[in-house]
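Beneath this line is the structure, given in structure tokens, with notes to follow.
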Amino acid sequence: MTVMMESQNPPGSGPMTVRDLEGMPDDGRRYELIDGTLLVSPAPGLRHQTISYQLYGVLYAACPDDMFVVGAPFAVHVGDRIELQPDVLVGRTEDFTAKDLPVPPVLAVEVLSPSTSIHDLNTKKALYERLRVPSYWVIDPAEPELTVFELDEDGSYRQVAKAAGAEAFEALRPFPVRIVPEVLAGRS
């Protein structure tokens with residue numbers, strides 16, 4: 001069975017705002033807003049969560065004091081029509097508030113799932129690029145495989161690395177850290 005991510009504005013309404021999200025139910029789904037359009041995705045599965053939490057731990061252990069690592073759900077607000085909840089994000093410590101990150105992160109990570117793959121690889125990637133998020137990582141749990149995109153001098157994402165299985169990715173941005181996809185998946 002394939003589960004689709006919903007993308008919609010409520011009937012009879014115009015673009016939504018971040019304030020409108022406050023009325024959404026606490027039902028385990030992820031509610032995100034891209035340019036006023038609501039994206040609703042189901043709660044992630046076990047493999048997705050395992051990878052997210054393992055990555056959080058690896059990043060947290062290597063994170064310098066001037067940055068902070070957060071796992072979903074945690075809101076990134078940019079303006080009143082964008083709210084994203086990357087699976088894992090890194091931001092500058094000084095930029096966080098108690099409830100959100102009101103500026104783009106320095107790293108956004110999305111773990112693919114059947115209901116989010118198209119949005120993660122296209123819609124969100126384009127938005128992170130437009131917001132000038134320096135690094136965007138996508139993890140495919142099926143392989144497992146990590147694909148790394150970084151902004152080039154023209155402000156466009158370029159794929160700079162891909163690591164699968166036991167291959168290691170030695171990140172320099174946003175800080176030095178070693179990522180091994182199969183370890184994130186619990187297979188080492």
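Can you name the residue in region 144-173 that is touching a strand residue (DSSP E or B) at 6+ places or on another chain (Cβ under 9 Å) and outside any strand (DSSP E or B) and, of all such residues, is surrounded by the most Cβ atoms within 10 Å (Cβ to Cβ)? Restricting to residues being touching a strand residue (DSSP E or B) at 6+ places or on another chain (Cβ under 9 Å) and outside any strand (DSSP E or B), the top hit is 144. Candidates in region 73-88 are the residues that are at pLDDT 90 or above and in contact with a Ser or Thr (Cβ under 8 Å, 6 or more places away or on another chain); of these, the one that is nearest to residue 123 (Cα to Cα) is 87.
Are there any pairs, at least 6 apart or on different chains, whose C-beta atoms fall under 9 Å, with the first in region 139-165 and touching a residue at least 40 places away in the same chain (Cβ under 8 Å) and the second open to solvent by less than 20 Å² (accessible area, probe 1.4 Å) and among the charged types (D, E, K, R), and if so, which? From region 139-165, the pairs are 139/87; 139/110.
Considering region 86-143 alone, what residues qualify as being acidic (Asp, Glu) and either assigned to a strand (DSSP E or B) or closer than 19 Å to residue 185 by Cβ (or both)? Even if it seems obvious, please write down each step before you answer.
Keep residues of region 86-143 that are acidic (Asp, Glu), which gives 87, 94-95, 100, 110, 120, 129, 140, 143.
Those that are acidic (Asp, Glu) and either assigned to a strand (DSSP E or B) or closer than 19 Å to residue 185 by Cβ (or both): 87, 100, 110, 120, 140, 143.
The residue of region 89-105 that is farthest from residue 147 (Cα to Cα), among those that are open to solvent by 10 Å² or more (accessible area, probe 1.4 Å) and aliphatic (A, V, I, L, M), is 98.
The values are calculated or read from the model by the stated rules, or taken from the named source; none is laboratory data. This is a predicted model, so every value here is computed, not measured. Neighbour counts are summed over all protein chains in view; Cβ atoms, including those assigned to glycine, are modelled from backbone coordinates with ideal geometry. Side chains are part of the model used for accessible areas, which takes the heavy atoms of the whole protein and leaves out ligands, DNA and RNA. Shrake-Rupley method; radii C 1.70, N 1.55, O 1.52, S 1.80 Å.
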